[in-house]
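Undergrad: Can you keep this structure in mind? I'll have questions shortly.
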Amino acid sequence: MMKITRIIYTMKKITTLISLLIFTGCTLGPKVERPRICMPGEFAQKLDDTKEKLKLDEWWKNFNDESLNEYINIAIENNYDLKIAIEKIEEARSFYRIKKADLFPEIDLNAKAIREHRSENVVDTDFLGPLTQSFFQFGFDAFWEVDIFGRLRKNKEAAFYSYLQQQDSSLDVYITLLSDVARSYIDIVVLKRKIYLNEKKLALQKRIYKLTKEKFISGLADEIEPQDQIKIVENLKQNIIDLTTLYKNNIHRLAILLGQIPESLECDFSKMKKIPEITKEIEVGLPSDLIRRRPDIRKAEKFLYSQTALVGAKIAELFPSFSLVGDFNFEASKSKNWFQWASKAWSIGPSMNLPIIDFGRRLANVDVAKSLHRQAISAYKNSVILALEDVENALVAYFHEKQNYSFISKKLTAQKNITYLSRDLFTSGLDSETSYLQSRQTLIDVENEFIDKKRNVSVDLIALIKALGGGY
């Protein structure tokens, strides 16, 4: 009974000492804080404030295109890059749990039963007993590093910010995926229509070539004119082939974004589709909103915080580390005595470790950590100004494309009127069929310009939404 009392008394003294060390412990290194950056009060490029504003959350639904909505839902479920990004969140979370567990004691269960025979020429049998012996052991080993100078806490803190950083990184992948799916879908719809228009133009050009050839045979045109027309025919065929290549490449790209094999979507676009567009205006907000909106900025911020914590961890390595170790076992040379109270064996006590000579290795590690910390500060500031540039460029491109779209719409209306007049002149016998066909070709050229500008407005709007943080 007295022995048990002494054991408890000894453990109380050690526990008191450890508690004192913990509560008087400290953490080292720079403070975790966001660098100050002077942000402009507003963006330089303004948009139309009179239109109804669209909501950035689920922005793609403003296109009112069910096929696009379905593709985006499939991409969210099946895209492999997004799956990898989500798994990286789980990886970072598990790593954080490892670093968190380092703060607590580690207790291991040990058990062994050994039958051993020692050499007669080595062992002093009078001292160590019989040459053949048995040894039975069962018990627990415990180890606890007392984090006095904050090394373990700083490592845990760095792992936590790395976990948050990976969440923002995954959100960045998510936003990019939605933008890529929408842009690829719009490009496919536009290219399908451009192929159709160019095939119409080719049919008209073949008719013009036939008329020119008839004029040459009749002696009303020289030999150069038919050759010029056949050259245009071949150029149009080449253009259609190039457009078809781009069309199929975009279908393959969209399929990959959806986690499917490249040729799986070709049947989905057998029919002509309406080019998606959004009539509402976007709510841009303030430049300072980008710090919370953009996942790349938040990712850079969390990386900075992680590097800040690692500086403290490396500084803590310059100081001694203290641990509490102990074990409690039942040990016996005979199995029948194994779990008797008299077979107990235990030890408990603190330990300290302080490397004396390392030729500057730990100081160099501190310098490396501080350099990485300074790099992270610069990387964060750079991410902010790059985001500002991204938004300003996207605003300018979107604003000017909307102007171009307005101009080309008027141009298209004018060309339609010209083509109608040319048709009337031709049917009245006041102009040639060739002139009328060329007028129709010009109309097709303007229609190609029109759908290009319509496409650019939608794609530039998607780029602007992404630049603003994709609604998140």
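The values are calculated or read from the model by the stated rules, or taken from the named source; none is laboratory data. Quantities reported herein were computed from a predicted structural model and do not represent experimental measurements. Reconstructed Cβ throughout: ideal geometry from the backbone, glycine too, with neighbour counts over all protein chains shown.
Undergrad: When you go through LEU443, LEU425, LEU430 one by one, which is the residue that is part of a helix (DSSP H, G or I), in the same structural domain as LYS280 (by TED's automatic domain parsing) and modelled with pLDDT under 95?
TA: When all the criteria are applied, what remains is LEU425.
Undergrad: Please go through (1) loosely packed, with under 12 Cβ neighbours inside 10 Å; (2) at pLDDT 90 or above for PHE143 and return the number of the only condition it doesn't satisfy.
TA: Just one mismatch for PHE143, condition (1).
Undergrad: So ILE22 ticks every box in (1) closer than 30 Å to SER378 by Cβ; (2) modelled with pLDDT under 85 but one. Which box is left unticked?
TA: It fails just one condition, (1).
Undergrad: Take PHE135 and tell me if it is in a strand (DSSP E or B), modelled with pLDDT under 90, touching a strand residue (DSSP E or B) at 6+ places or on another chain (Cβ under 9 Å) and surrounded by 12 or more Cβ atoms within 10 Å (Cβ to Cβ).
TA: yes
Undergrad: Does ASP296 satisfy the criteria of being within 24 Å of PHE104 (Cβ to Cβ) and acidic (Asp, Glu)?
TA: No: the conditions fail for ASP296.
Undergrad: Determine, yes or no, whether LEU437 is in the same structural domain as SER458 (by TED's automatic domain parsing) and surrounded by fewer than 16 Cβ atoms within 10 Å (Cβ to Cβ).
TA: No: the conditions fail for LEU437.
Undergrad: Given (1) at pLDDT 90 or above; (2) part of a loop (DSSP other than H, G, I, E, B); (3) of a type in the set (D, E, K, R), where does ASP358 come up short, assuming only one miss?
TA: (1)
Undergrad: Here's something else I'd like to know. What do you reckon, is ALA158 surrounded by 14 or more Cβ atoms within 10 Å (Cβ to Cβ), at pLDDT 95 or above and more than 30 Å from PHE63 (Cα to Cα)?
TA: Taking the combined requirement at face value, the residue satisfies it.
Undergrad: Which residues, counting only those in the range 416-448, are closer than 19 Å to THR212 by Cα and of a type in the set (Phe, Trp, Tyr)?
TA: Result: PHE426, TYR436.
Undergrad: Does GLU70 satisfy the condition of being exposed (fewer than 12 other Cβ atoms within 10 Å of the Cβ) and not hydrophobic (A, V, I, L, M, F, W, C)?
TA: It is false that GLU70 is exposed (fewer than 12 other Cβ atoms within 10 Å of the Cβ) and not hydrophobic (A, V, I, L, M, F, W, C).
Undergrad: Please work out which one of (1) of a type outside the set (Ser, Thr, Tyr); (2) assigned by TED's automatic domain parsing to the domain that holds ALA75; (3) assigned to a strand (DSSP E or B) is the condition ARG183 fails and give its number.
TA: (3)
Undergrad: For residues in the range 25-56 being modelled with pLDDT of 80 or more and more than 30 Å from ALA309 (Cα to Cα), which is surrounded by the fewest Cβ atoms within 10 Å (Cβ to Cβ)?
TA: Going through the qualifying residues, I end up with GLY41.
Undergrad: If the requirement is being surrounded by 20 or more Cβ atoms within 10 Å (Cβ to Cβ), modelled with pLDDT of 90 or more and charged (D, E, K, R), which of these qualifies: ARG298, ARG253?
TA: ARG298
Undergrad: Okay, next question. Could you tell me whether any residue of the range 244-252 is in the same structural domain as ASP390 (by TED's automatic domain parsing), assigned to a helix (DSSP H, G or I), over 25 Å from ILE462 (Cβ atoms) and touching a Phe, Trp or Tyr at 6+ places or on another chain (Cβ under 8 Å)?
TA: For the range 244-252, residues in the same structural domain as ASP390 (by TED's automatic domain parsing), assigned to a helix (DSSP H, G or I), over 25 Å from ILE462 (Cβ atoms) and touching a Phe, Trp or Tyr at 6+ places or on another chain (Cβ under 8 Å): absent.
Undergrad: Restricting attention to the range 265-288, report how many residues are in a helix (DSSP H, G or I) and loosely packed, with under 15 Cβ neighbours inside 10 Å.
TA: Count: 3.
Undergrad: In this structure, does ASN337 turn out to be in contact with a strand residue (DSSP E or B) (Cβ under 7 Å, 6 or more places away or on another chain) and at pLDDT below 95?
TA: no
Undergrad: So, one more: Would you mind telling me which numbered condition in (1) surrounded by fewer than 12 Cβ atoms within 10 Å (Cβ to Cβ); (2) part of a helix (DSSP H, G or I); (3) out of contact with any helix residue (DSSP H, G or I) (no Cβ under 9 Å at 6 or more places or on another chain) GLY219 fails?
TA: Of the numbered conditions (1) surrounded by fewer than 12 Cβ atoms within 10 Å (Cβ to Cβ); (2) part of a helix (DSSP H, G or I); (3) out of contact with any helix residue (DSSP H, G or I) (no Cβ under 9 Å at 6 or more places or on another chain), the odd one out for GLY219 is (2).
Undergrad: Taking the criterion of being farther than 21 Å from ILE186 by Cβ, in the same structural domain as LEU258 (by TED's automatic domain parsing) and in contact with a helix residue (DSSP H, G or I) (Cβ under 6 Å, 6 or more places away or on another chain), would at least one residue in the range 66-85 satisfy it?
TA: yes
Undergrad: Next question. Within the range 338-355, how many residues turn out to be more than 14 Å from PHE138 (Cβ to Cβ), without any contact (Cβ under 8 Å) to a residue 24 or more places away in the chain and assigned to a strand (DSSP E or B)?
TA: Residues flagged as more than 14 Å from PHE138 (Cβ to Cβ), without any contact (Cβ under 8 Å) to a residue 24 or more places away in the chain and assigned to a strand (DSSP E or B) within the range 338-355 amount to 1.
Undergrad: Could you say which residue among ALA92, ALA113 is surrounded by fewer than 13 Cβ atoms within 10 Å (Cβ to Cβ), of a type outside the set (Asp, Glu) and farther than 19 Å from ILE465 by Cβ?
TA: The conditions single out ALA113.
Undergrad: Between a first residue in the range 406-423 that is among the charged types (D, E, K, R) and a second residue that is assigned to a helix (DSSP H, G or I), which pairs have beta carbons less than 9 Å apart while being 6 or more apart in sequence or on different chains?
TA: That search, which allows pairs on different chains as well, returns LYS411/VAL446; LYS411/GLU449; LYS411/PHE450; LYS416/LEU443; LYS416/VAL446; ARG423/TYR436; ARG423/SER439; ARG423/ARG440.
Undergrad: Taking LYS201 as meeting all but one of (1) modelled with pLDDT of 95 or more; (2) outside any helix (DSSP H, G or I), write down the number of the exception.
TA: (2)
Undergrad: Filter the range 303-337 down to the residues that are surrounded by 22 or more Cβ atoms within 10 Å (Cβ to Cβ), closer than 23 Å to GLY349 by Cα and either charged (D, E, K, R) or free of Cβ contacts under 8 Å to residues at least 12 places away in the same chain (or both) and list them by number.
TA: none
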